[in-house]
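The values are calculated or read from the model by the stated rules, or taken from the named source; none is laboratory data. Just so it is clear, the model here is predicted, and its values are computed rather than measured. As a convention, Cβ positions derive from the backbone with ideal geometry for all residues, glycine included, and neighbour counts pool all protein chains shown. The protein model used for the area step is the full one, side chains on, heavy atoms only, and it has no ligands, DNA or RNA in it. Shrake-Rupley method; radii C 1.70, N 1.55, O 1.52, S 1.80 Å.
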Amino acid sequence: MESPQRSEAEDGGSGEEKVVETAEKIILRWDSTVSEEARDKMIFSGDRHEVDRYLRAVDEIQRSLHSLAISSPSSTVGAGDRNPNTIQIAMARLEDEFRNILLSHSSAVDSDSLLVDTPRSHSHGHGGGSSSGGERGGSTSSSRRSIRSTTSIREVDLIPSDAIADLRSIAERMIAAGYLRECIQVYGSVRKSSVDASFRSLGIEKLSIGDIQRLEWDALENKIRRWIKAAKVCIRTLFASEKRLMKGPAMQLFNFAEAISISRRSPEKLFKILDLHDALAELLPDIDVVFESKTAESIRVQAAEILSRLAEAARGILSEFENAVLREPSRVPVPGGTIHPLTRYVMNYISLISDYKQTLIELIVSRPSSSVSRYPGELSVPEFDFSELEEERTPLALHLIWIIVILEFNLEGKSQHYRDTSLAHLFMMNNVHYIVQKIKGSPELRALIGDEYLKKLTGKFRLAATSYQRATWVKVLHCLRDEGLHVSGSFSSGVSKSVLRERFKSFNAIFDEVHRTQATWLVPDTQLREELRISIAEKLLPAYRSFLGRFRSHIESGRHPEQYIKFSWEDLDSAVLDLFEGNPVTQHLRKRSQG
């Protein structure tokens with residue numbers, strides 16, 4: 001009985017050894033260190049039957065090693081000499097195959113197809129809706145990436161499913177043979193290169209915080225625009241699809257936003273910083289989801305801290321803008337009393353601020369301070385009682401009103417540099433009118449400023465217009481008064497012709513000078529210019545027509561009447577139309593008609 005049993009065991013042992021030998025031959029045939037064919041070809045790129053044969057061969061070698069480990073050394077004669085070397089050769093080959101499969105599918109994320117916002121309320125699962133993936137037709141090719149949408153996050157299979165199956169089959173065997181570390185290293189190295197390629201495709205550069213802060217702002221503005229688009233793709237798609245490898249790339253991505261948040265503050269940076277803030281605030285819930293693991297906590301903390309610093313930067317820039325408006329130093333009067341560049345700049349700036357009101361209402365939580373200590377080094381600061389305004393003004397609205405108060409204060413100072421008082425009033429009229437029109441032209445800004453303060457501003461520019469007319473035209477109309485013309489005790493005409501002639505001469509000289517000078521002054525707003533001319537004509541023309549009607553005969557009965565009556569009232573009407581065009585008149589006015 002013992003002999004058959006021994007024979008059966010020997011036959012079994014011999015059969016198992018033959019299987020192992022066959023497996024070894026398959027593995028050695030693909031040993032790239034000794035076979036040129038093995039160096040030129042990849043198993044997993046060829047016949048699937050050969051793939052299955054090779055994997056079964058590896059399984060047989062591993063099984064034989066396992067059997068060897070739990071039995072006596074003499075139970076499988078010769079196996080101990082061959083199998084360890086064979087398994088090393090097999091693992092080296094599988095590592096090469098693993099790397100090649102990864103490299104074959106390591107192209108950068110398609111930025112064109114993924115640079116599309118995915119609103120939370122319009123996300124669809126894979127195959128649903130008319131997403132950019134769905135528009136590409138019904139192809140079922142395994143090489144096409146599939147997309148799974150979770151709210152705004154779209155997880156993408158960066159590697160096709162059939163390739164993933166091959167990678168898994170290789171990884172299982174490498175791990176079983178104790179080659180986990182090598183498997184992880186290969187995966188991390190190749191996929192990191194793919195992520196780097198995706199970064200380059202999305203326009204994300206490897207820049208240190210110092211590099212970013214040394215860039216000119218114009219260059220940074222373009223980079224911020226690119227970063228905002230790229231960050232959405234990275235966080236919602238790229239990082240979400242390959243979370244294990246993304247801590248380093250995420251830190252690289254956020255370094256840019258961090259550099260902007262701690263950069264030197266200046267007014268022109270406000271709106272891009274707000275864009276950056278809004279983009280990061282929108283992405284923060286997605287960041288919490290994508291980097292939810294304990295090991296990624298530092299990424300979540302970094303993103304939250306950057307958001308906080310961006311908010312603080314926005315608050316600081318607004319405060320510094322107020323200082324800059326108050327301290328704007330130009331003292332050279334703008335020609336013709338037109339709108340000052342500071343006025344245009346400030347009003348365009350706060351109009352843009354109103355476009356960001358939803359964000360800034362949340363960020364600006366304290367009222368402005370008009371205390372002198374708030375503006376060190378300033379000799380004077382405008383006084384303004386915020387309690388006079390309507391209730392329920394947000395801190396942001398109060399800051400905008402305060403900026404306008406500061407602007408008016410600065411403009412008042414600039415108006416003092418005009419030698420002509422009339423021009424100083426015209427300058428203030430133009431500038432305050434521009435402020436009013438900018439507020440009226442922006443529904444968002446008007447809602448923030450409020451109609452009550454808008455009425456105050458409207459009253460100010462109308463007061464300036466009235467002050468201009470008094471400063472210029474009172475002295476013109478003063479020549480047309482009756483006082484002093486009548487000679488007491490005279491029984492002839494009762495009018496002193498000498499005094500009358502002087503009145504006409506004074507009127508002619510003053511009006512000629514006003515016409516010549518104020519034709520070069522400028523009221524850029526067409527409607528305001530027309531309203532001002534009408535107001536002047538309504539005072540000037542009736543007064544001159546009446547004066548001319550009453551006293552013309554006295555002048556015409558004497559010698560050289562044309563020296564005194566130079567203008568008809570029609571001439572004056574035409575001359576008024578020359579005013580405030582900003583163009584010099586070619587010659588002095590001359591009488592165009594008689595009688």
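Numerical summary
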{"read-out": "Meets criteria (touching a Gly at 6+ places or on another chain (Cβ under 7 Å), of a type in the set (A, V, I, L, M) and assigned by the TED database to the domain that holds Asp573) for Val499", "value": "yes"}
{"read-out": "Flag for Phe504 being of a type in the set (Phe, Trp, Tyr), surrounded by 14 or more Cβ atoms within 10 Å (Cβ to Cβ) and at pLDDT below 95", "value": "yes"}
{"read-out": "Among the candidates Leu276, Leu220, residue that is within 27 Å of Val346 (Cβ to Cβ), touching a Phe, Trp or Tyr at 6+ places or on another chain (Cβ under 8 Å) and assigned to a helix (DSSP H, G or I)", "value": "Leu276"}
{"read-out": "Exclusive hit being open to solvent by 40 Å² or more (accessible area, probe 1.4 Å), modelled with pLDDT of 75 or more and assigned to a loop (DSSP other than H, G, I, E, B), set Thr33, Thr22", "value": "Thr33"}
{"read-out": "Some residue of segment 391-404 being loosely packed, with under 15 Cβ neighbours inside 10 Å, in a loop (DSSP other than H, G, I, E, B) and at pLDDT below 95", "value": "yes"}
{"read-out": "Residues within segment 545-559 that are in a helix (DSSP H, G or I) and open to solvent by 80 Å² or more (accessible area, probe 1.4 Å), tallied", "value": "3"}
{"read-out": "Residue match in segment 202-215 (condition: among the hydrophobic types (A, V, I, L, M, F, W, C) and under 23 Å from Asp288 (Cα atoms))", "value": "yes"}
{"read-out": "Hits in segment 172-187 - residues which are farther than 17 Å from Arg56 by Cβ, among the small types (Gly, Ala, Ser) and in a helix (DSSP H, G or I)", "value": "none"}
{"read-out": "Matching option when the condition is part of a helix (DSSP H, G or I), touching a Pro at 6+ places or on another chain (Cβ under 8 Å) and among the aliphatic types (A, V, I, L, M), among Val195, Val190, Val233", "value": "Val195"}
{"read-out": "Selection within segment 451-476 - surrounded by fewer than 18 Cβ atoms within 10 Å (Cβ to Cβ) and hydrophobic (A, V, I, L, M, F, W, C)", "value": "Leu454, Leu463, Ala471, Val474"}
{"read-out": "Enumeration of residues in segment 319-340 that are within 26 Å of His277 (Cβ to Cβ) and open to solvent by less than 10 Å² (accessible area, probe 1.4 Å)", "value": "Phe321, Glu322, Val325"}
